[in-house]
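Only one structure is covered here, and it is reproduced in the block below.
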Amino acid sequence: MKSPLLSLPGAVPAEGVDEGVAAHYGELFREQRALADGTGFVDLSHRGVLTVTGSDRLSWLHLLITQHVSELPTGQATEALILSANGHIEHALYLVDDGETVWAHVEPGTQDALMAYLESMKFFYRVEVADRTDEFAVVHLPAGSIAAVPDGVVVRETAHGRDLFLPRMDLASYAAENGPAAGLLAYEALRVEAHRPRLGFETDHRTIPHELGWIGTAVHLQKGCYRGQETVARVHNLGKPPRRLVFLHLDGSEVHLPAAGTPLHLASEGAEGRKLGFVTTAVRHHELGPIALGLVKRNVPLDAELIAGDTAAAQEVVVEP
């Protein structure tokens with residue numbers, strides 16, 4: 001679904017899974033600084049939007065997701081995962097309940113599979129699930145923003161900013177009144193700086209929540225049974241995850257950023273050494289320079305100097321080994 005904001009001056013389309021919105025509007029670092037200062041907004045209208053209505057909506061979702069939502073207060077934002085039977089991450093949901101409806105936005109292109117799963121689990125519960133992506137666009141306002149929120153628009157407010165579920169037909173007019181727009185690359189740079197994982201970027205087919213620091217933020221350890229809970233409990237109580245998320249400061253003299261999937265090795269062993277992990281997301285930050293998130297084996301020493309391909313990479317701990 002192509003955003004109307006791609007017609008704004010300087011807009012450069014994003015690629016891959018983020019196709020349909022702007023990567024930037026011609027001034028990447030200015031856009032980052034604006035978001036960091038609490039001004040502007042980000043067009044996330046390519047993300048999927050789902051709603052759950054009905055009197056059983058919270059108790060029903062509580063049985064399916066990793067978060068405790070059976071008594072979720074109206075207006076309180078939360079996030080949750082859906083796991084496979086083996087505890088691997090399949091979906092990430094960013095939720096808020098407005099008192100009558102649970103609203104969720106999800107990664108672009110994942111809403112169909114998520115809808116199919118939720119529909120298959122309705123049974124006798126009084127719930128209705130709907131894909132509202134064609135009707136509503138997600139718009140992100142950064143932390144500290146004083147931009148107006150139109151009457152009747154559902155808001156999901158977190159420490160990182162506010163997500164608006166804006167009627168899609170109002171997207172262009174909202175942008176005209178609340179600019180300047182910042183592109184997705186600016187949003188991603190601040191996400192990486194904040195060490196926040198993203199489904200499909202920091203995850204692969206075998207990722208478990210412990211590896212990414214999602215325990216506590218998206219996974220509630222004292223709630224009832226859900227699919228994959230046995231793995232979550234076993235790793236939390238009896239073991240350690242096989243990998244851990246790290247934050248990487250990259251050599252600023254390199255022209256190109258390492259692509260997602262670039263192997264990580266010990267600097268002392270060079271690119272021919274043992275593969276210890278891989279880069280998940282690399283960005284250019286307006287203050288920190290080139291930075292990245294990566295996944296490494298749990299037993300990689302915390303003070304180990306790494307290389308990403310041929311780029312030096314100094315690690316900071318995100319998830320404790």
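The values are calculated or read from the model by the stated rules, or taken from the named source; none is laboratory data. Remember, predicted model here, so these are calculated numbers, not experimental data. Neighbour counts are summed over all protein chains in view; Cβ atoms, including those assigned to glycine, are modelled from backbone coordinates with ideal geometry. Note: areas computed on protein heavy atoms with side chains; ligands, DNA, RNA excluded. Shrake-Rupley method; radii C 1.70, N 1.55, O 1.52, S 1.80 Å.
Which residue, Glu100, Glu211, Glu90, has the most motion in a Gaussian network model of the chain that connects Cα atoms within less than 10 Å? Answer for the Gaussian network model of the chain: Glu100.
Only the Cβ atoms of Lys and Arg (+1) and of Asp and Glu (-1) were treated as charged; on that basis the dipole of segment 104-212 about its Cα centre amounts to roughly 220 debye.
Ranking His105, Gly224, Phe136 by Cα position along the charge dipole of the chain, where only Lys, Arg, Asp and Glu carry charges on their C-beta atoms, puts Gly224 farthest toward the positive end. All other residues whose Cβ lies under 15 angstrom from that of His105 are scored, Lys and Arg at +1 and Asp and Glu at -1, for a net of -4. Could you tell me what percent of the accessible area of the chain is made up of carbon and sulfur, with a 1.4 Å probe and every protein chain present? It is 52 percent, rounded to a whole number.
Accessible surface calculations at 1.4 Å, restricted to protein heavy atoms, place segment 177-321 at 46 Å² per residue. Residues Arg227, Arg196 ordered from highest to lowest accessible area at a 1.4 Å probe: Arg227, Arg196.
Counting Lys and Arg as +1 and Asp and Glu as -1 over every other residue whose Cβ lies under 11 Å from the Cβ of Ser55, the net charge comes to -1. Could you tell me the distance between the Cα centroids of segment 34-78 and segment 121-181, to the nearest Å? So the separation of the two Cα centres works out to 10 Å. For segment 188-321, a Kirkwood hydrodynamic radius built from all Cα pairs, placed in the Stokes-Einstein relation at 37 °C and 0.692 mPa s, yields a translational diffusion coefficient of 214 µm²/s.
Recomputing semi-axes √(5λ) of the Cα gyration tensor in Å from the coordinates shown identifies the correct label among (i) 38, 28, 16; (ii) 32, 28, 15; (iii) 30, 25, 19 as (ii). The solvent-accessible area of Asp151, taken with every protein chain present and a 1.4 Å probe, is close to 150 Å². When all protein chains stay in place and ligands, DNA and RNA are ignored, the 1.4 Å accessible-area order of Phe41, Phe201, largest first, is Phe201, Phe41.
Charged side chains reduced to their Cβ positions (Lys and Arg at +1, Asp and Glu at -1) give the chain a dipole of some 840 debye around its Cα centre. Debye-formula intensities of segment 206-262, expressed as log10 I(q)/I(0) at q = 0.14, 0.17, 0.24 Å⁻¹, are -0.53, -0.66, -1.00 (one equal scatterer per alpha-carbon, no solvent). Within the straight-line cut-off of under 21 Å between alpha carbons, the lysines reachable from Lys240 are Lys223, Lys275, Lys297, sequence neighbours fewer than 8 places apart in one chain being disregarded.
Over all projection directions, the Cα-based convex hull of segment 110-265 averages an area of 13.6 nm². Rolling a 1.4 Å probe across all protein chains gives Met121 an accessible area of roughly 50 Å².
The charge dipole of segment 19-141, taken about its Cα centre with unit charges on the Cβ atoms of Lys, Arg (+1), Asp and Glu (-1) only, comes to about 200 debye. Mind grabbing the accessible area of His46 for me, 1.4 Å probe, Å², rounded to tens? Using a 1.4 Å probe on the heavy atoms, I get roughly 20 Å².
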